Amino acid sequence: MKRLLYIVWISLLLFSLSLEGRAGEGFSRNYVDSCMIRIENGDTLYMAWLHEVWVYPPMKFKNKRQEKFYWKTVRDVKKCLPYAKRITKDMEYADSELAKLPDDKSRRRWWRSFEKQLYRKYEKDFRGMYASQGMMLMKLMDRETDRTSYELIKQYKGKAAANFWQFIAKLFKNDLKEEYDASDKDRITERVINLVEAGQL
């Protein structure tokens, strides 16, 4: 029991020191969800709700190629993840607005206008992306929405457009119907996403 109390006391001490070290900077949401102080019987208690901490075995690269792939994945996730989240919110907004409209004609008219807004909003950023980042964005959209790029295009632009873009993707050895698979082929990407979201990478 004494040993447990000792460990808790040391942990609280280290945590309070880390708070003092960041006092001038303010609290980053990468480290704490929220922080408060409670005064009880004249004692000041720091209380904080921390993010989850992901613990993975250390990365072991068999060769330079694997190491390069890992760090390229980190770069692409950091670049594309914020866009995937923003686009998902845009889609949720679009879905709610389209549901309010009475017929297909008004929905098509509204979608054309909204599509132009999205084009202006993202065109400059997307033109500066590498091809690998475009592919990463497609994966992340599937992860965020649980719908493949093919399904998304089909939903908003129709089956003919989805088939056309699938044909173009196939020419470049890509597949818009490919699903995100966190447990197998995309497990490294999932690991990187978890670490980036937790502020650990």
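Of everything in the range 110-136, what is surrounded by 12 or more Cβ atoms within 10 Å (Cβ to Cβ) and closer than 17 Å to residue 155 by Cα? Give them in sequence order.
Result: 110, 111, 114, 115, 118.
If you go through the range 51-96, how many residues are of a type outside the set (S, T, N, Q) and either in contact with a Cys (Cβ under 8 Å, 6 or more places away or on another chain) or outside any helix (DSSP H, G or I) (or both)?
Total meeting the criteria: 12.
Within the range 91-109, which residues are among the charged types (D, E, K, R) and surrounded by 15 or more Cβ atoms within 10 Å (Cβ to Cβ)?
Hit for the range 91-109 is 107, nothing else.
If residue 139 satisfies every condition in (1) loosely packed, with under 13 Cβ neighbours inside 10 Å; (2) within 21 Å of residue 76 (Cα to Cα) but one, which is the exception?
Of (1) loosely packed, with under 13 Cβ neighbours inside 10 Å; (2) within 21 Å of residue 76 (Cα to Cα), only one is false for residue 139: (1).
Determine which single condition residue 91 fails, assuming it passes every other condition in (1) under 19 Å from residue 185 (Cβ atoms); (2) under 16 Å from the mean Cα position of the chain (by Cα).
Result: residue 91 fails condition (1) only.
What are the residues in the range 154-201 that are over 16 Å from residue 81 (Cβ atoms) and basic (Lys, Arg), if any?
The answer is 154, 157, 159, 170, 173, 177, 185, 187.
Mind counting the residues in the range 144-158 that are more than 22 Å from the chain's Cα centre (by Cα) and farther than 18 Å from residue 112 by Cβ?
Of the residues in that region, 0 qualify.
Within the range 97-192, considering only helices (runs of 4 or more DSSP H) that don't extend past its boundaries, which have at least 3 residues that are farther than 19 Å from residue 70 by Cα and free of Cβ contacts under 8 Å to residues at least 40 places away in the same chain?
Correct list: 104-127, 149-157, 159-171.
Of the conditions (1) open to solvent by 30 Å² or more (accessible area, probe 1.4 Å); (2) in contact with a Leu (Cβ under 8 Å, 6 or more places away or on another chain); (3) of a type in the set (A, V, I, L, M); (4) under 30 Å from residue 57 (Cα atoms), residue 192 fails just one. Which one is it?
It fails just one condition, (1).
The values are calculated or read from the model by the stated rules, or taken from the named source; none is laboratory data. Bear in mind the structure is a predicted one, so any value in this text is a computation, not a measurement. Note that each Cβ is placed from the backbone with ideal geometry, even for glycine, and that neighbours are counted across all protein chains shown. Side chains are part of the model used for accessible areas, which takes the heavy atoms of the whole protein and leaves out ligands, DNA and RNA. Shrake-Rupley method; radii C 1.70, N 1.55, O 1.52, S 1.80 Å.
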